[in-house]
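Here is the structure we will look at.
The values are calculated or read from the model by the stated rules, or taken from the named source; none is laboratory data. Note that the coordinates shown come from a computational prediction; the quantities given were computed from them, not determined experimentally. Here the Cβ positions follow ideal geometry from the backbone for every residue, glycine too, while neighbour counts run over all protein chains shown.
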Amino acid sequence: MDIVIRRARAEDLDAAGEVTVEAFVGDGHTKPGADYVTLLRDARRRAEEAELLVAVDDGGRVLGCVTFAVGGTEWADIATQDEGEIRMLAVGAAARGRGVGEALVRATMARSRELGLAGMAFSTRPAMTAAHRIYERAGFLRTPARDWAPRPGIDLMVYSITF
């Protein structure tokens, strides 16, 4: 099966939102009734206000997605203005183990380079160990000096890379 990474189209948005909720809620990173689920499901907003990349199979089925933002914009939490940032990387359970997550991460790296950015930085939760392995394979390094907490009880680790 071929995997294609591209900007999300209107017909991808519902599936991208559901894949994101499936990954975050299904893996126990977000409680089903949390306000954050509404944001996770709203792929349309992410596509309009940032860049939403999707991984699709040769039948056009959305396998995963990632939100990409440039530092200093609304969707960037930790990246500086010369960095790109990954948000809400999600791969559906049925597509895991096929390289979808890594392909999405590498696509954000390519986009950062295309925009002339100096690197990337983004947050992740300590329990998201499968994602950490993807980031490390792609060359990202843990950057503990930039770790932060958006609110009590939500501790975030930062990974970064310089190009």
Open item on the list: Can you pull out every residue in region 71-93 that is of a type in the set (Gly, Ala, Ser), touching a residue at least 24 places away in the same chain (Cβ under 8 Å) and surrounded by fewer than 16 Cβ atoms within 10 Å (Cβ to Cβ)?
Closed with: ALA93
- [ ] Pull up region 94-122, narrow it to residues that are surrounded by 16 or more Cβ atoms within 10 Å (Cβ to Cβ) and small (Gly, Ala, Ser), then point me to the one that is nearest to the chain's Cα centre (by Cα).
- [x] GLY101
TODO: Having 1 or more residues that are of a type in the set (Phe, Trp, Tyr), more than 24 Å from ILE3 (Cα to Cα) and out of contact with any Lys or Arg (no Cβ under 8 Å at 6 or more places or on another chain) is the bar; report the strands (runs of 3 or more DSSP E) wholly within region 95-163 that clear it.
DONE: 148-151
Open item on the list: What's the total number of residues in region 1-47 that are surrounded by 17 or more Cβ atoms within 10 Å (Cβ to Cβ), among the polar types (S, T, N, Q) and at pLDDT 95 or above?
Closed with: 1
